[in-house]
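Everything below concerns the one structure shown next.
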Amino acid sequence: MARIAGVNIPTNKRVTIALRYIHGIGPTKAAEICEKVGIADSRRVNELSDAEVLQIRETIDADYMVEGDLRREAAVNIKRLMDQACYRGLRHRRGLPVRGQRTHTNARTRKGPAKPIAGKKK
């Protein structure tokens, strides 16, 4: 099992697919990393040598923000909005949709499960 950026990536998958298990690396960045290192798309993680895994690890550390750093930056950005008390910050603080979606119905993902209101029969 190869460990890259603090994540155990699956050994039986192709390298471009396995790299996507790292937070912050999607299909495009995974293909870009493989191209930089010079690994074919058809290769699997268990076929990689230790030197190639090290090369992938160094490329990711040098050129990409992934995992903890990326999560931390996103949290800091949200906290900054909340501290400014701008509209988006207030929506984050109240746990409501931030980007203009309707809340009269739906929005259950952000608002949580529906809470019944006593005496609301019609």
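The values are calculated or read from the model by the stated rules, or taken from the named source; none is laboratory data. Keep in mind that this is a model prediction, so the values were computed, not measured. Methodologically, a virtual Cβ is constructed for each residue, glycine included, from the backbone with ideal geometry; neighbour enumeration extends over all protein chains shown. Side chains included, ligands, DNA and RNA excluded: accessible areas come from the protein's heavy atoms. Shrake-Rupley method; radii C 1.70, N 1.55, O 1.52, S 1.80 Å.
Determine Rg/Rh for the chain; Rg is computed over alpha-carbon atoms and Rh is the Kirkwood hydrodynamic estimate from the same atoms.
Values: Rg = 21.1 Å, Rh = 17.6 Å.
Over the Cα atoms of the chain, Rg/Rh equals 1.20.
Roll a 1.4 angstrom probe over the protein heavy atoms and tell me the percent of accessible area of region 31-122 that is carbon or sulfur.
Carbon with sulfur: 51 percent of the solvent-accessible area.
Would you mind working out the accessible area per residue for the chain, using a 1.4 Å probe, and quoting it in Å²?
72 Å²
Could you pull out every residue, at least 5 positions away or on a different chain, whose amide H is within less than 5 Å of the one on Ala2? Hs are placed 1.01 Å off N in the peptide plane, and Pro or chain starts have none.
Ile9
Sort 15-24, 77-86, 44-53 for me by packing, meaning the mean count of neighbouring Cβ atoms within 10 Å per residue, highest on top.
15-24, 44-53, 77-86
Excluding Pro10 itself, calculate the net charge of residues whose Cβ lies under 11 Å from the Cβ of Pro10, where each Lys or Arg counts +1 and each Asp or Glu counts -1.
+4
Report ³J(HN,Hα) in whole Hz for each residue of region 55-72, in order, from the Karplus equation J = 6.51 cos²θ - 1.76 cosθ + 1.60 where θ = phi - 60°; Gly and Pro get x.
3J(HN,Hα) across region 55-72, in whole Hz: 5, 4, 4, 5, 4, 5, 4, 7, 10, 10, 9, 9, 6, x, 4, 5, 4, 5.
What residue among Gly112, Gly38, Gly68 has the largest mean-square fluctuation in a Gaussian network model of the chain, using Cα springs under 10 Å?
Among Gly112, Gly38, Gly68, the largest mean-square fluctuation in the Gaussian network model of the chain belongs to Gly112.
Taking the alpha-carbon centroid of each part, what is the distance from region 1-21 to region 51-122 in angstrom?
Using only Cα atoms, the two centres lie 25 Å from each other.
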